[in-house]
1. Hey, got the Cα dimensions of the chain along the principal axes, in Å, largest first?
2. Which value, in Å², gives the accessible area per residue of the chain when a 1.4 Å probe is used on the protein heavy atoms?
3. Would you calculate, for the chain, the mean residue ellipticity at 222 nm contributed by helices, counting each DSSP H stretch of 4 or more residues as -39,500 (n - 2.57) and dividing by all residues, to the nearest 500?
4. When DSSP beta bridges are limited to those with both residues in the chain, what percentage is antiparallel, rounded to the nearest 5?
5. Tally Lys/Arg at +1 and Asp/Glu at -1 over every other residue whose Cβ is under 11 Å from the Cβ of P69; what's the total?
6. Using 18 Å as the cut-off for backbone N distance, which residues of the range 30-51 belong to the label zone defined by a point 7 Å from the Cα of E11 along Cα→Cβ?
7. Using the alpha carbon gyration tensor of the range 43-86, what are the three equivalent-ellipsoid semi-axes (square root of 5 times each eigenvalue), largest first, in whole Å?
8. In whole Hz, what ³J(HN,Hα) sequence does the range 76-86 give by Karplus (6.51, -1.76, 1.60; θ = phi - 60°), x for Gly and Pro?
Amino acid sequence: MNYRAVEPTGEYVARLETGAEWRSEIESLAAEVEADAAWFTGLGAVSDAELWFYDQDGLEYAPVEFDEPLEVASCVGNVALLDGERFAHTHVVCSRPDGEAVAGHLNEATVFAGEIHMRAFEDPLERAHDETTDLDLWL
Ligand code: ZN
(Lines give C-alpha, C1' and ligand atoms only; values in the text may rest on other atoms or scores of the structure.)
Protein backbone atom coordinates (compact mmCIF):
# COMPACT_ATOMS: atom_id res chain seq x y z
CA MET A 1 0.00 0.00 0.00
CA ASN A 2 1.13 3.50 -0.67
CA TYR A 3 -0.65 6.46 0.86
CA ARG A 4 -0.36 10.17 1.43
CA ALA A 5 -2.21 12.93 3.22
CA VAL A 6 -4.36 15.11 1.00
CA GLU A 7 -5.18 18.75 1.55
CA PRO A 8 -8.67 19.71 0.37
CA THR A 9 -8.68 23.00 -1.53
CA GLY A 10 -12.35 23.28 -2.33
CA GLU A 11 -15.67 21.51 -2.70
CA TYR A 12 -17.97 21.94 -5.64
CA VAL A 13 -21.36 20.79 -6.75
CA ALA A 14 -22.26 20.68 -10.41
CA ARG A 15 -25.25 19.84 -12.55
CA LEU A 16 -24.18 17.94 -15.65
CA GLU A 17 -25.47 19.05 -19.04
CA THR A 18 -28.20 16.96 -20.67
CA GLY A 19 -26.81 15.24 -23.76
CA ALA A 20 -23.18 15.66 -22.70
CA GLU A 21 -20.83 12.76 -21.99
CA TRP A 22 -20.85 11.90 -18.25
CA ARG A 23 -17.12 11.36 -17.65
CA SER A 24 -16.08 14.30 -19.86
CA GLU A 25 -18.35 16.57 -17.84
CA ILE A 26 -16.53 15.55 -14.65
CA GLU A 27 -13.15 16.11 -16.34
CA SER A 28 -14.38 19.54 -17.50
CA LEU A 29 -15.36 20.41 -13.93
CA ALA A 30 -11.88 19.38 -12.71
CA ALA A 31 -10.32 21.54 -15.44
CA GLU A 32 -12.60 24.45 -14.59
CA VAL A 33 -11.53 24.41 -10.92
CA GLU A 34 -7.92 23.47 -11.83
CA ALA A 35 -8.01 20.24 -9.81
CA ASP A 36 -5.32 17.69 -10.67
CA ALA A 37 -6.60 15.50 -7.85
CA ALA A 38 -10.14 15.11 -6.58
CA TRP A 39 -12.70 12.68 -5.23
CA PHE A 40 -16.28 12.77 -6.39
CA THR A 41 -19.69 11.21 -5.95
CA GLY A 42 -22.76 11.66 -8.09
CA LEU A 43 -26.19 10.49 -9.11
CA GLY A 44 -28.68 11.04 -11.87
CA ALA A 45 -29.73 9.29 -15.04
CA VAL A 46 -28.16 8.43 -18.38
CA SER A 47 -29.72 7.53 -21.73
CA ASP A 48 -27.04 4.95 -22.53
CA ALA A 49 -23.81 3.69 -21.02
CA GLU A 50 -20.66 1.79 -21.87
CA LEU A 51 -19.29 0.07 -18.80
CA TRP A 52 -16.04 -1.84 -18.71
CA PHE A 53 -15.25 -4.99 -16.76
CA TYR A 54 -11.59 -5.78 -16.12
CA ASP A 55 -10.63 -9.38 -16.80
CA GLN A 56 -8.04 -10.11 -14.11
CA ASP A 57 -6.72 -13.18 -15.96
CA GLY A 58 -6.59 -11.73 -19.46
CA LEU A 59 -5.56 -8.32 -18.12
CA GLU A 60 -7.89 -6.41 -20.37
CA TYR A 61 -11.15 -4.52 -20.23
CA ALA A 62 -14.26 -5.98 -21.80
CA PRO A 63 -16.87 -3.38 -22.72
CA VAL A 64 -20.55 -3.91 -21.94
CA GLU A 65 -22.92 -1.59 -23.76
CA PHE A 66 -26.34 -0.54 -22.54
CA ASP A 67 -28.43 1.30 -25.11
CA GLU A 68 -31.27 2.11 -22.74
CA PRO A 69 -32.21 4.69 -20.11
CA LEU A 70 -30.65 3.92 -16.73
CA GLU A 71 -30.78 5.54 -13.33
CA VAL A 72 -27.36 6.35 -11.95
CA ALA A 73 -28.09 5.08 -8.47
CA SER A 74 -24.51 5.78 -7.44
CA CYS A 75 -21.39 7.16 -9.04
CA VAL A 76 -18.03 7.38 -7.34
CA GLY A 77 -14.58 8.15 -8.59
CA ASN A 78 -11.49 10.27 -8.54
CA VAL A 79 -9.51 12.59 -10.73
CA ALA A 80 -5.80 12.10 -11.36
CA LEU A 81 -3.32 12.88 -14.10
CA LEU A 82 -2.77 10.23 -16.75
CA ASP A 83 -0.14 11.09 -19.36
CA GLY A 84 -0.46 14.71 -18.25
CA GLU A 85 -4.23 14.83 -18.82
CA ARG A 86 -6.96 14.88 -16.18
CA PHE A 87 -8.66 11.50 -16.05
CA ALA A 88 -11.84 10.88 -14.07
CA HIS A 89 -11.73 7.26 -12.96
CA THR A 90 -15.46 6.63 -12.66
CA HIS A 91 -17.49 3.72 -11.33
CA VAL A 92 -21.27 3.49 -11.36
CA VAL A 93 -24.15 1.40 -10.19
CA CYS A 94 -27.05 1.95 -12.58
CA SER A 95 -30.57 0.62 -12.34
CA ARG A 96 -33.30 -0.42 -14.75
CA PRO A 97 -37.07 0.19 -14.44
CA ASP A 98 -37.56 -3.02 -12.44
CA GLY A 99 -34.78 -2.08 -10.02
CA GLU A 100 -32.26 -4.52 -11.41
CA ALA A 101 -28.73 -3.12 -11.21
CA VAL A 102 -25.86 -3.11 -13.65
CA ALA A 103 -22.53 -1.76 -12.56
CA GLY A 104 -18.94 -1.27 -13.49
CA HIS A 105 -16.16 1.02 -14.62
CA LEU A 106 -17.81 3.77 -16.64
CA ASN A 107 -16.10 4.53 -19.92
CA GLU A 108 -18.82 6.73 -21.30
CA ALA A 109 -22.48 7.53 -20.93
CA THR A 110 -24.86 10.17 -22.22
CA VAL A 111 -26.17 12.42 -19.46
CA PHE A 112 -29.91 12.72 -19.06
CA ALA A 113 -29.48 14.48 -15.73
CA GLY A 114 -26.60 14.42 -13.31
CA GLU A 115 -25.49 15.93 -10.03
CA ILE A 116 -21.91 15.75 -8.83
CA HIS A 117 -20.14 16.64 -5.62
CA MET A 118 -16.39 17.04 -6.00
CA ARG A 119 -13.74 17.61 -3.35
CA ALA A 120 -10.51 18.90 -4.88
CA PHE A 121 -7.06 18.32 -3.38
CA GLU A 122 -3.92 20.48 -3.36
CA ASP A 123 -1.29 18.14 -4.76
CA PRO A 124 -1.75 16.31 -8.07
CA LEU A 125 -2.34 12.57 -8.14
CA GLU A 126 -0.61 10.79 -11.00
CA ARG A 127 -1.21 7.46 -12.67
CA ALA A 128 1.37 5.28 -14.34
CA HIS A 129 1.39 1.83 -15.88
CA ASP A 130 1.59 -1.00 -13.34
CA GLU A 131 3.31 -4.17 -14.64
CA THR A 132 1.47 -6.63 -12.41
CA THR A 133 -2.10 -5.55 -13.13
CA ASP A 134 -1.48 -3.88 -16.52
CA LEU A 135 -3.56 -0.99 -15.16
CA ASP A 136 -2.68 2.69 -14.80
CA LEU A 137 -2.43 2.98 -11.03
CA TRP A 138 -1.48 5.84 -8.69
CA LEU A 139 2.22 6.37 -8.30
ZN1 ZN B 1 -12.19 1.35 -12.83
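1. 42, 38, 21
2. Details: 8300 Å² over 139 residues.
Dividing the accessible area of the chain by its residue count gives 60 Å².
3. -2500 deg cm²/dmol
4. Numbers: 57 of 59 bridges.
Around 95 percent of the beta bridges assigned by DSSP in the chain are antiparallel ones.
5. On the way: positive: R96; negative: D48, D67, E68, E71.
Net local charge, P69 excluded: -3.
6. Residues passing the 18 Å test: 30, 33, 35, 37-43.
7. Working: eigenvalues 98, 65, 19 Å².
Value: 22, 18, 10 Å, ordered largest first.
8. Once θ is set to phi - 60°, the couplings for the range 76-86 become 9, x, 9, 10, 8, 8, 10, 6, x, 10, 5 Hz.
The values are calculated or read from the model by the stated rules, or taken from the named source; none is laboratory data. Small disclaimer: the values here were computed from a predicted structure and weren't measured. Note: ideal-geometry Cβ built from the backbone for every residue, glycine included; neighbour counts use all protein chains shown. These area figures cover heavy atoms from the full protein model, side chains too; ligands, DNA and RNA do not enter into them. Shrake-Rupley method; radii C 1.70, N 1.55, O 1.52, S 1.80 Å.
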